[in-house]
Amino acid sequence: MKDVSKLQAVFGGLCPKCRQGKIFCKPFYSPRGFDDMHEHCPHCGLRYEVEPGYFIGAMYVSYAISGGVALVLGFLLFYVFNDPEGWIYAAIIAPAMIVIAPVNFRMSRVIWLHYVAGIKYQPGL
């Protein structure tokens with residue numbers, strides 16, 4: 001099987017150890033279950049949540065992602081639309097945060113597993 005880069009594994013939602021098994025059970029656009037994770041990697045058997053509350057740290061990653069998106073939207077509104085009234089900022093940014101929530105939830109957990117958890121890639125698994 002072709003080797004998958006770390007970046008491809010992150011964006012594909014793949015296991016950090018084998019880079020083949022999916023972390024989440026359903027696609028992010030599923031109306032129900034976008035947050036359902038496999039307990040173990042379907043390919044190599046790695047347990048994703050090594051202890052209770054393991055993904056609490058992923059909330060900081062999520063906060064950074066949503067803060068970045070809100071900042072970019074705020075700057076766009078300020079510079080492109082000539083600093084509209086405050087309610088317009090809220091009317092644009094708040095729904096955007098709701099729309100990106102499923103992707104943000106997933107990406108923060110995947111980034112946490114790949115970059116913070118200390119799980120080493122083992123090719124050939």
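Observations on the structure shown:
- Candidate set from segment 16-37 (those that are out of contact with any Pro (no Cβ under 7 Å at 6 or more places or on another chain) and among the aromatic types (F, W, Y)); member that is modelled with the highest pLDDT: F24
- The requirement of being touching a helix residue (DSSP H, G or I) at 6+ places or on another chain (Cβ under 7 Å), surrounded by fewer than 16 Cβ atoms within 10 Å (Cβ to Cβ) and without any contact (Cβ under 8 Å) to a residue 60 or more places away in the chain is fulfilled nowhere in segment 10-30; no residue meets it.
- I119, sole failed condition from (1) within 19 Å of the chain's Cα centre (by Cα); (2) part of a helix (DSSP H, G or I): (2)
- Every residue from segment 51-105 that is closer than 25 Å to S30 by Cβ and among the hydroxyl-bearing types (S, T, Y): Y54, S62, Y63, S66
- Residue within segment 67-86 that is within 30 Å of K17 (Cα to Cα) and loosely packed, with under 14 Cβ neighbours inside 10 Å present: yes
- Count - residues of segment 88-112 that are of a type in the set (V, I, T), surrounded by fewer than 17 Cβ atoms within 10 Å (Cβ to Cβ) and touching a residue at least 24 places away in the same chain (Cβ under 8 Å): 2
- Residue match in segment 113-125 (condition: surrounded by 15 or more Cβ atoms within 10 Å (Cβ to Cβ), without any contact (Cβ under 8 Å) to a residue 40 or more places away in the chain and either polar (S, T, N, Q) or out of contact with any Ser or Thr (no Cβ under 9 Å at 6 or more places or on another chain) (or both)): no
- Subset of segment 38-63 (residues that are hydroxyl-bearing (S, T, Y) and either loosely packed, with under 13 Cβ neighbours inside 10 Å or modelled with pLDDT under 90 (or both)): Y54, Y60, Y63
- Within segment 54-66, residues that are closer than 18 Å to I98 by Cβ reach partners that are among the hydroxyl-bearing types (S, T, Y) with beta carbons closer than 7 Å, at six or more positions or on different chains, in the pairs S62/S108; I65/S108.
- S30 part of a helix (DSSP H, G or I), among the small types (G, A, S) and under 20 Å from G12 (Cα atoms): no
The values are calculated or read from the model by the stated rules, or taken from the named source; none is laboratory data. Everything numeric here is computed off the predicted structure, so don't read it as measured data. No Cβ is skipped: glycine too gets one built from the backbone with ideal geometry, and neighbour counts run over all protein chains shown.
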